[in-house]
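This report refers to the structure that appears directly beneath it.
The values are calculated or read from the model by the stated rules, or taken from the named source; none is laboratory data. Only a predicted model underlies this, so the values are computations on that prediction, with no experimental measurement involved. When we count neighbours, we look across all protein chains shown, and the Cβ atoms used for this are built from the backbone with ideal geometry, even at glycine. These accessible areas exclude ligands, DNA and RNA; they are computed on the full protein's heavy atoms, side chains included. Shrake-Rupley method; radii C 1.70, N 1.55, O 1.52, S 1.80 Å.
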Amino acid sequence: VQLQASGGGLVQAGGSLRLSCAGSERTFSNYALGWFRQAPGKEREFVAAISWNGGMTSYTDAVKGRFTVPRDDAEKVMYLQMNSLEPEDTAGYYCAADYSSVIEDRINEYDSWGQGTQVTVSS
């Protein structure tokens, strides 16, 4: 599945952004989907994921209570709603798809990746 991420930008600390990840195939609903981020000089890290049917979600501790990861399979899109943003959230954000019935937080489990969208949070 091809993915395209969008919605990044510059926001002040405490603000909100919503990222979108659009899929290209009618089988979009068969994939578990995830968001990862990579800050300059750091490794790519897991942020959040949602199962193929939307029944399960997972978040890294740093974003729990601030980020949510809904999906709309009719529109073939996944979102990352980011609230109460902090300067530490500044990174390139990447969406990914995993043809699996479970959700994973490991990068190498994901089969397809979108290009990144930059999020910059100013203090």
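Here Gln4 qualifies as modelled with pLDDT of 95 or more, open to solvent by 40 Å² or more (accessible area, probe 1.4 Å), within 12 Å of Ser112 (Cβ to Cβ) and out of contact with any Lys or Arg (no Cβ under 7 Å at 6 or more places or on another chain).
Annotation: Glu45 fulfils all but one of (1) open to solvent by 40 Å² or more (accessible area, probe 1.4 Å); (2) in contact with a helix residue (DSSP H, G or I) (Cβ under 9 Å, 6 or more places away or on another chain); (3) more than 16 Å from Cys95 (Cα to Cα); the unmet one is (3).
Inside region 1-23, residues that are under 16 Å from Tyr110 (Cβ atoms) and not aliphatic (A, V, I, L, M) make up a count of 4. Taking region 92-112 as the range and being of a type in the set (Ser, Thr, Tyr) and either buried (at least 20 other Cβ atoms within 10 Å of the Cβ) or touching a Phe, Trp or Tyr at 6+ places or on another chain (Cβ under 7 Å) (or both) as the test, the residues that pass are Tyr93, Tyr94, Tyr99, Ser101, Tyr110.
Within region 53-64, being more than 19 Å from Val11 (Cα to Cα) and either at pLDDT 95 or above or loosely packed, with under 14 Cβ neighbours inside 10 Å (or both) holds for Asn53, Gly55, Met56, Thr57, Ser58, Tyr59, Thr60, Asp61, Lys64. Report, by residue number, each residue of region 76-91 that is open to solvent by less than 10 Å² (accessible area, probe 1.4 Å) and either closer than 10 Å to Phe36 by Cα or part of a strand (DSSP E or B) (or both). Residues satisfying the conditions are Met78, Leu80, Met82, Ala91. If you take the residues in region 92-116 that are polar (S, T, N, Q) and assigned to a loop (DSSP other than H, G, I, E, B), which one is farthest from Pro40 (Cα to Cα)? Once the filter is applied, the top-ranked residue is Ser101. Checked against the criteria, Ala39 does not count as hydrophobic (A, V, I, L, M, F, W, C), open to solvent by less than 10 Å² (accessible area, probe 1.4 Å) and touching a residue at least 12 places away in the same chain (Cβ under 8 Å).
Give the residues of region 113-123 that are within 12 Å of Trp35 (Cβ to Cβ) and either in contact with a helix residue (DSSP H, G or I) (Cβ under 7 Å, 6 or more places away or on another chain) or open to solvent by less than 50 Å² (accessible area, probe 1.4 Å) (or both), sorted by residue number.
Gly114, Gly116, Thr117, Val119
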